[in-house]
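Chemist: Quick one: the structure is below, and I'll ask about it shortly.
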Amino acid sequence: MRFRTTAIALLSVSCTLLSACGGQRIKGRVIEGGIGRAMVVSATDTRTIATAGVDDPAGDAQTGFEGVRVRLLRPSGRTTGGPAAEIASAVSGPDGFFDISVGNKDQISGRFEIEASGGGVFQVRNTIFVPRNDQRVLVLVRPNSAAE
């Protein structure tokens with residue numbers, strides 16, 4: 001009986017660890033744009049990889065925004081008819097890069113809402129499709145001088 005209890009406990013821990021490892025990552029960047037908008041782009045899009053003065057010998061990289069909170073939300077009314085619910089979030093780091101880890105890959109599929117706010121920018125909220133591994137999320141924001 002004791003062996004059986006131990007085996008069940010070990011199996012439970014293993015399943016928990018495996019499901020945590022099966023999570024999904026949403027990577028992207030927050031940069032200045034003419035309008036507030038979030039979109040899925042290729043991972044090779046220079047706006048998601050070039051850092052001004054570092055990876056951009058031509059000097060045309062855009063400066064990212066640090067300190068912008070990027071949230072992944074279930075679309076409003078998707079299952080309950082209620083408001084959007086947060087799945088996961090992260091804050092953009094130096095040069096605007098962010099990396100959101102979603103613990104359970106079943107939490108997002110198809111489309112979801114993405115919201116960016118704070119950090120001296122106007123809020124952005126769009127519905128986008130889950131990016132593939134070879135894609136990134138690019139968030140274009142407008143500076144809000146009143147927020148500074």
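Derivation of every value follows stated rules applied to the coordinates shown; laboratory data play no part. Computed from a predicted structure; not experimentally measured. Neighbour counts run over all protein chains shown; Cβ positions are idealised from the backbone, glycine included.
Chemist: Subtract the Cα-Cα distance of Ser109 and Asp45 from 0.36 nm times their separation in residues, and report this length gain in nm to one decimal.
Modeler: Working: separation 64, 0.36 × 64 = 23.04 nm, distance 2.31 nm.
Contour length minus the Cα-Cα distance gives 20.7 nm.
Chemist: To continue, here is another question. What is the order of Ile49, Ile26, Ile128, fewest Cβ neighbours within 10 Å to most?
Modeler: The order, fewest Cβ neighbours first, is Ile49, Ile128, Ile26.
Chemist: Taking the Cα-to-Cβ direction at Asn126 and at Arg37 and moving 7 Å from each Cα, how far apart do the two end points lie in nm?
Modeler: Here the answer is 0.6 nm between the modelled labels.
Chemist: Taking R0 as 41 Å, what's the FRET efficiency between Thr63 and Arg25 from their Cβ-Cβ distance, rounded to 0.05?
Modeler: With a Förster radius of 41 Å, E is 0.95.
Chemist: Ranking Ser145, Ser92 by Cβ neighbours within 10 Å, fewest first, what do you get?
Modeler: Ser145, Ser92
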